[in-house]
Amino acid sequence: MDTITATVDDLASEITAHLQGSKKVFLRNADTPSALTQVAYGTFRSTDFCELHSHATMEEVFFFLKGKGIYTVGDQQISVEKGVFVRIPAGVLHRLEAVGDEPLEYVYFGVATD
C-alpha cells in the first residue's frame with residue numbers, strides 16, 4: 001500500500017470548483033481506490049460564497065478551523081466557526097458563505113455514495 005503524505009505549505013493553491021475561495025488538495029479520487037473523492041484544506045475570504053447546489057452521488061463533510069461563516073444545508077442555516085463539523089448528505093442543497101473580516105478556513109472530505 002502506498003502512503004501519501006503532504007503538508008499544506010507544500011501544496012499548490014487552486015480555485016475551488018465553485019470558482020470562489022481557494023483550496024489545497026491533499027488527496028484526489030485518482031489517488032485512492034476508496035470512495036474518497038477529495039480531501040482538501042480550503043479558504044474563503046469575507047466576500048466568497050458558493051451558490052446553492054447539491055451532489056447526487058457525493059456526501060461532503062467539513063471541519064472548520066478558523067473564521068466565521070453561514071452554511072445553509074437544506075432548510076437549516078448553520079453558523080460555522082472554529083471547531084464546528086458539518087455533514088452534507090448526498091442530494092441535499094447547500095451553500096457556504098464566509099462572513100466577517102477573518103478568512104474562513106476548513107478541512108473538507110468528499111465521499112462517493114455510489
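The values are calculated or read from the model by the stated rules, or taken from the named source; none is laboratory data. All of these numbers come straight from a predicted model, not from anything done at the bench. Cβ placement follows ideal geometry from the backbone for every residue including glycine, while neighbour counts extend to all protein chains displayed. Heavy atoms of the whole protein, side chains included, go into the accessibility calculation; ligands, DNA and RNA do not. Shrake-Rupley method; radii C 1.70, N 1.55, O 1.52, S 1.80 Å.
In table form, for the structure just shown:
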quantity: Rounded to the nearest 20 debye, dipole of segment 44-98 from Cβ charges on Lys, Arg, Asp, Glu; calculated: 240
quantity: Cβ-based net charge around residue 100, under 13 Å, with every Lys or Arg adding one and every Asp or Glu removing one; calculated: -2
quantity: Dipole magnitude of the chain about its Cα centre (Cβ charges: Lys, Arg +1; Asp, Glu -1), debye to nearest 20; calculated: 120
quantity: Sum of side-chain charges, residue 43 neighbourhood, beta-carbon under 15 Å (Lys, Arg +1; Asp, Glu -1); calculated: -2
quantity: Accessible carbon and sulfur surface of the chain relative to its total accessible area, %, 1.4 Å; calculated: 54
quantity: Heavy-atom accessible area order for 70, 4, largest first, 1.4 Å probe; calculated: 4, 70
quantity: Hydrodynamic radius by Kirkwood, which averages 1/r over all alpha carbon pairs of segment 65-114, in angstrom; calculated: 11.7
quantity: Segment 25-114: relative contact order in percent, alpha carbon pairs under 8 Å with at least 6 residues between; calculated: 41
quantity: Positive-end extreme of charge dipole, the chain - chosen from 8, 93, 30 (charges on Cβ); calculated: 93
quantity: log₁₀ of I(q)/I(0) at q = 0.17 Å⁻¹ - segment 1-50, Debye sum with one point per alpha carbon; calculated: -0.57
quantity: Solution diffusion estimate, µm²/s, Stokes-Einstein, the chain, Kirkwood Rh from C-alpha pairs, 20 °C, viscosity 1.002 mPa s; calculated: 148
quantity: Note, ³J(HN,Hα) from phi for segment 76-85, Karplus 6.51, -1.76, 1.60, rounded to Hz, x at Gly and Pro; calculated: 9, 10, 10, 6, 10, 6, 3, x, 8, 10
